[in-house]
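Peer 1: Here it is, the structure, as structure tokens.
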Amino acid sequence: MLTQLNLYLMIDLFAVCLILGGGWCWQSGRDAAIIDTLKGNAAKLELSVELNEKTIEHMVRNAQTLAAANQTLTNRIVATEVEHVEAWQSIDALDLVSDAGMDDVTGLEMDSKETLAKSIDGLRAATGR
């Protein structure tokens, strides 16, 4: 009876070893597939990181170009505003209200024409940029 029990225990032990070995083989195959998937995903992520770094560098270069263009535009706008202020000051300098300004009509007319010509030239210069 002890021999028979010993035989059953050896058969059971062999079955347990066979089941554990099969489970290990199945699990290692699954793990290899998961590792291959993870390696593929890592390669994709590395490519994405490289692409993102290049995109960021390109965006920085574009931002620097836009900043320089904005600065130039701001300087031009300020210069145009200064020209407009000067034009308004020259228009305001015309003496159209007082009688003293109306005494010399030909001088007033010449001043008006010159001021108008300067204003038109200023507008052409401002819009020609």
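FYI, it's all coordinate maths here, none of it is from the lab. Predicted model, so just to flag it, every value in this text is computed and none were measured. Don't worry about glycine lacking a Cβ; one is built from the backbone with ideal geometry, like all the others, and counts go over all protein chains shown.
Peer 1: Kirkwood hydrodynamic radius for the chain: how many Å is it when counted over pairs of different Cα atoms?
Peer 2: Details: mean 1/r = 0.0414 Å⁻¹.
For the chain, the Kirkwood estimate is 24.1 Å.
Peer 1: Next question. Report the one residue of Ala33, Ala63, Met10 whose Cα lies farthest in the direction of the positive end of the charge dipole of the chain (charges on C-beta: Lys and Arg +1, Asp and Glu -1; origin at the Cα centre).
Peer 2: The residue sitting farthest along the positive end of the dipole is Met10.
Peer 1: Mind putting a number on the dipole of the chain about its Cα centre? Charges go on the C-beta only, +1 for Lys and Arg and -1 for Asp and Glu, and I need it in Debye to the nearest 20. All intermediate terms of the calculation are to be shown ahead of the outcome.
Peer 2: On the way: 10 positive and 19 negative charges, 318 e Å.
My answer is approximately 1520 debye.
Peer 1: Just how many % of Cα pairs in region 2-71 lie over 14 Å apart, if you round to the nearest whole percent?
Peer 2: Details: 1887 of 2415 pairs.
The calculated P(r) of region 2-71 puts 78 percent of pairs beyond 14 Å.
Peer 1: Another question about this same structure. Work out how much length Arg61 to Ser90 would gain on full extension: take 0.36 nm times their residue separation and subtract the Cα-Cα distance, in nm to one decimal. Write out the running numbers ahead of the final one.
Peer 2: On the way: separation 29, 0.36 × 29 = 10.44 nm, distance 4.37 nm.
Contour length minus the Cα-Cα distance gives 6.1 nm.
Peer 1: In addition: Can you give the FRET efficiency to the nearest 0.05 for Gln4 and Arg30, using r as the Cβ-Cβ distance and R₀ = 22 Å? Present the calculation step by step, with values, prior to reporting the outcome.
Peer 2: On the way: r = 39 Å, r/R0 = 1.76.
Approximately 0.05, to the nearest 0.05.
Peer 1: Can you give the local net charge around Gly122? Use residues other than it whose beta-carbon is closer than 9 angstrom to its beta-carbon, Lys and Arg +1, Asp and Glu -1.
Peer 2: Values: positive: Lys118, Arg124; negative: Glu83, Glu86, Asp121.
Charge balance in the 9 Å sphere: -1.
Peer 1: Please give the helix 2-92 orientation as an angle from the longest Cα principal axis of the chain, in degrees from 0 to 90, rounded to the nearest 10.
Peer 2: Helix 2-92 sits at roughly 0 degrees to that axis.
Peer 1: Using the alpha-carbon atoms, what tilt in degrees (0 to 90, nearest 10) does helix 105-127 show relative to the longest principal axis of the chain?
Peer 2: So the helix axis and the longest Cα principal axis differ by about 10 degrees.
Peer 1: Follow-up. Suppose every Lys and Arg Cβ carries +1 and every Asp and Glu Cβ carries -1, with no other charges. What dipole size does region 2-71 come out with about its Cα centre, to the nearest 20 debye?
Peer 2: Numbers: 5 positive and 7 negative charges, 30 e Å.
It comes to approximately 140 debye.
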